[in-house]
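This report refers to the structure that appears directly beneath it.
Just so you know, all these numbers are worked out from the coordinates, no wet-lab data involved. Because the structure is predicted, anything quoted here is derived from the model rather than measured. Counting neighbours? That spans all protein chains shown, and the Cβs are built from the backbone with ideal geometry, glycine included.
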């Protein structure tokens, strides 16, 4: 019976039960689900494939192998820690959304075919948006809508690519694809959107700072790392990913330096860490893929920890702008300490998790003679020291005393942070425990003298540079601001263009509107024909067609809504 | 500057001299990790990497370069806090400042 249950299903189905239960029982269930799910996952044998026949297609709804198991494991752990962190929240929407989101991300990581992947891919999009909308502000609504269009759009590209790929190869299997034709290209772009490739990245910095303090902790774990998994599965060894990844490690850190909203700083920093993983996938050796898997594992933990610390500050103070904070270590000493563990982990200090994972990718890069990529990663490693290593803890907990004396974080938040911090240290001290579950057999030793000393040199001298710049007044002050990024094109330029056309092209506008009305009438007519008993939809549905139509209708509605908002 | 509530006892770090101590301790540790290069055989993948203190110099310069370029980036991309029409509502937890708050397009 248990073998018939796809991983992730426990969380999704259990999540639906939570709102029906009394508060205490619901909390107990929320805590139990990820643990039970993890135990269930590890009982499933390697190589297990569950199939399901649907509308004439055979779907591999579950495929358990070493690669998917790494992601399944860390996703369960992340779900558990996020649930603890969010336990005080009295908002059932967030609890249900969080569990369904985590469950669907887990299920997606075990999808053996592209149609199943698409199905869960869209569930992660739709469930996660509620963690943003739950902020219940006009801003969050607007951000949530943008987020949903982009996320669902990624799924539509995935589906389109799957259909093209199926027509060309007759396969919907989710295995190594490579950039071999238009189908895989579409799928590649779909993955790239969720992995926040350069210029496709702004949904991340837009959405994560807008979600609730607890919602962002959930968000930080799943969507982007699912995309990393999908890239590792489908496109390992794709050279272009080395370039893309290297740009990702460097480009966001400049924005992280000047950003005032500390959760947005972390979103840029998350983007930079994804770059390391993407480079690992591009190199495509056994060591580099192990490095990507290990780094994703470690990253989910320290990034969650940093978002937890900033979420605790936001929860207690009501703002997370660097300009408003400072000196909080005096009244939130534990949160400060946990935050520093997260900062040192992401900066890759010896004895902490980032140290034993990031260097696998960098070693693979230099061993495969990608020297320039290695230099960019080295630069980005020094850059991490600024935005996540120094800026996050320094401006919130130290710097100038803001006079604010918020209470220490609630007990459940502290517990979640303590467990996550412990995991960061544990991995740093006993990396072999993590190495043992990696997909490939590629021995690696993080603790040799060269690595320890050179990494300490890199980080400590970056810290020294900070000290010197701060003391000489060269280090830029935090400023309340909006920094334009690529989203300017669709948040400012596009609406402006529409307004101009509307104002100056009265006739063109009228024609466009007529065209829209004509198209709408056409769709209504078509629908009437197709849905009549003798129409196409009178027949039994094929899964593919059903999915296409569902996706199409979803996107059409979203675009319509966006259009109305832009032009209204 | 510091807005420590009156009557609250100052902490160790509130004293400027102790902050200096932290900085000089960092300088000392930095010197030690460069000296450490003399006491083991460095595994270098390319010539530059084998130099004594290469990573130290790289870390320092990379950091200064990053901050300097970012300050330049500010000139290019920085706008008022309420630049976008759907910017977050003014937050009561934020102090009132002389924020131009302008929609400087």
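Across the range A:177-329, Cα pairs under 8 Å and at least six residues apart give a relative contact order of 27 percent. Dividing the helix sum by the residues of chain A, where each DSSP H run of 4 or more adds -39500 (n - 2.57), gives a mean residue ellipticity at 222 nm of -23000 deg cm²/dmol.
Between residue A:553 and residue A:240, take the C-beta separation as r, use R0 = 30 Å, and let me know the FRET efficiency to the nearest 0.05. Present the calculation step by step, with values, prior to reporting the outcome.
Values: r = 33 Å, r/R0 = 1.11.
Between residue A:553 and residue A:240 the formula returns 0.35.
Note on the range A:313-468: the C-alpha convex hull projects to 10.6 nm² when averaged across all orientations.
Annotation for the range A:1-30 versus the range A:40-84: alpha-carbon center distance of 16 Å. Computed packing ranks the peptides A:57-67, A:509-519, A:280-290 as A:280-290, A:57-67, A:509-519, most packed first, by mean other Cβ atoms within 10 Å. Taking Rh as the Kirkwood radius, which is the inverse of the mean 1/r over Cα pairs, what is the Rg/Rh value for the protein assembly as shown? Looking at the protein assembly as shown, the ratio lands at 0.97.
FRET efficiency for the residue B:42 to residue A:433 pair, using the beta carbon distance and R₀ = 30 Å, is estimated at 0.55. In chain B, the ratio of gyration radius to Kirkwood radius, Rg to Rh, stands at 1.16 when only Cα atoms are counted. Each Cα pair under 8 Å and six or more residues apart adds its sequence gap; the mean of these over the residue count of chain A is a relative contact order of 14 percent. May I ask you to list the residues of the range A:415-429 whose amide nitrogen lies under 16 Å from a point 7 Å from Cα along the Cα→beta-carbon direction of residue B:13? Backbone N within reach: none found.
For residue A:39 and residue A:524 in the same chain, what is the full-extension length gain: residue separation times 0.36 nm, less their Cα-Cα distance, in nm? List each step's numbers first, then the result.
Working: separation 485, 0.36 × 485 = 174.60 nm, distance 5.01 nm.
The residue A:39-residue A:524 span can extend by a further 169.6 nm.
Taking only C-alpha pairs under 8 Å that are 6+ residues apart, what is the relative contact order of the range A:338-400 in percent? Walk me through the intermediate numbers first.
Values: 39 pairs, mean separation 24.0, N = 63.
Relative contact order for the range A:338-400 comes out at 38 percent.
Treating each Cα of the range A:156-201 as one equal point scatterer and applying the Debye formula with no solvent, the log10 of I(q)/I(0) at q = 0.22, 0.31 Å⁻¹ comes out as -0.68, -1.12.
Mean projected area of the convex hull spanned by the Cα atoms of the range A:240-363, taken over all viewing directions: 7.5 nm². Note on the range A:202-218 and the range B:59-84: Cα centroid distance 23 Å, given to the nearest whole angstrom.
Work out, step by step, the length gained on full extension between residue A:372 and residue A:400: first 0.36 nm times the residue separation, then minus their alpha carbon distance; give nm to one decimal. Write out the running numbers ahead of the final one.
On the way: separation 28, 0.36 × 28 = 10.08 nm, distance 3.92 nm.
Answer, rounded to one decimal: 6.2 nm.
Look at A:427, A:150 and count the other Cβ atoms within 10 Å of each Cβ; fewest to most, that gives A:150, A:427. The angle between the Cα long axis of helix B:54-77 and the longest principal axis of the Cα atoms of chain B comes to about 20 degrees, rounded to the nearest 10. Spatial offset of the range A:454-487 relative to the range A:116-162 amounts to 34 Å, using the alpha carbon center of each. Cα axis of helix A:543-567 to longest principal axis of chain A: angle in degrees, 0 to 90, nearest 10? The answer is roughly 70 degrees. Please say if the range A:383-459 is rounded, prolate or oblate, where rounded means a/c under 1.5 for a ≥ b ≥ c the square roots of the C-alpha gyration tensor eigenvalues, and otherwise the choice is prolate for a/b larger than b/c and oblate otherwise? Because a/c hits 1.5 or more and a/b fails to exceed b/c, the range A:383-459 counts as oblate.
Counting only alpha carbon atoms, the long axis of helix A:506-531 and the longest principal axis of chain A meet at about 70°.
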